[in-house]
1. For a quick check of your reading of the model, give me the residue pairs whose first member lies in region 28-47 and is under 21 Å from ASN95 (Cβ atoms), whose second is at pLDDT 90 or above, with beta-carbon atoms closer than 7 Å and at least 6 apart or on different chains.
2. Identify, from the list LEU73, LEU84, LEU62, the residue that is in contact with a Pro (Cβ under 9 Å, 6 or more places away or on another chain), part of a strand (DSSP E or B) and of a type in the set (A, V, I, L, M).
3. So which residues in region 24-70 are among the small types (Gly, Ala, Ser) and over 22 Å from the mean Cα position of the chain (by Cα), if there are any at all?
4. Taking the condition of being among the charged types (D, E, K, R) and either closer than 15 Å to VAL49 by Cα or in contact with a Phe, Trp or Tyr (Cβ under 8 Å, 6 or more places away or on another chain) (or both), how many residues in region 67-82 meet it?
5. Go through region 60-83 residue by residue and tally those that are hydroxyl-bearing (Ser, Thr, Tyr) and either buried (at least 17 other Cβ atoms within 10 Å of the Cβ) or touching a residue at least 40 places away in the same chain (Cβ under 8 Å) (or both).
6. Being of a type in the set (D, E, K, R), outside any loop (DSSP other than H, G, I, E, B) and surrounded by fewer than 11 Cβ atoms within 10 Å (Cβ to Cβ) is the filter here, so list the residues in region 20-59 that pass it.
7. Specify the residue that is surrounded by the most Cβ atoms within 10 Å (Cβ to Cβ); the eligible residues are those in region 84-100 that are of a type in the set (Lys, Arg) and free of Cβ contacts under 8 Å to residues at least 60 places away in the same chain.
8. Could you tell me which of the residues ALA37, ALA56, ALA19, ALA69 is closer than 24 Å to LEU98 by Cβ, at pLDDT 85 or above and out of contact with any Lys or Arg (no Cβ under 9 Å at 6 or more places or on another chain)?
Amino acid sequence: MRAQCNDAYWHGIFGGIYAPHLRTDPWRNLIRAEAIADRQTPGALVARVEFLDYDADGANELLFTSFDAQALLKPNDGGTIAALDFRPAAATLVNSILRRPEAYHTRLREAAGKSATGAVASIHEQTRVKAS
């Protein structure tokens with residue numbers, strides 16, 4: 001339950017997933033939850049490697065898990081270390097994310113070339129460009 005919060009998993013006006021400080025605490029709680037689950041599962045505390053489609057992107061990843069650490073390696077992405085957790089401190093050592101093009105980026109590019117109409121819109125309807 002402690003890893004459930006709207007802002008850390010969504011993007012938008014107030015930062016969300018693109019703001020690392022908003023991801024830190026839910027991530028910490030997910031690491032703690034996995035450690036608790038491992039302690040309750042017979043044999044789970046033995047170091048292991050799993051080959052699975054961890055992030056459901058259609059390509060298999062390598063998940064290395066031990067008592068002290070967990071690492072997710074993406075062979076199809078050039079061997080990227082997508083996640084690296086130090087479990088005793090419940091700390092993620094990789095807390096970055098690649099920003100990908102999203103549907104609203106087209107609206108931003110279009111708005112950058114237009115002048116304001118003077119109409120008042122809600123914060124969710126406004127289109128603003130931070131930098132051109």
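1. Matching pairs, first to second residue: ARG28/ALA90; ARG28/ALA91; ILE31/ASP85; ILE31/ARG87; ILE31/ALA90; ILE31/THR92; ARG32/ALA90; ALA35/ARG87.
2. From the options LEU73, LEU84, LEU62, the qualifying one is LEU62.
3. Passing the criteria: GLY43, ALA44, ALA47.
4. Result for region 67-82: 2.
5. Here the count works out to 1.
6. Within region 20-59, ARG39 is the sole residue that qualifies.
7. ARG87
8. Exactly one residue qualifies, and that residue is ALA56.
The values are calculated or read from the model by the stated rules, or taken from the named source; none is laboratory data. Since we're looking at a predicted model, the values are computed, not measured. We place every Cβ from the backbone using ideal geometry, glycine too, and count neighbours over all the protein chains shown.
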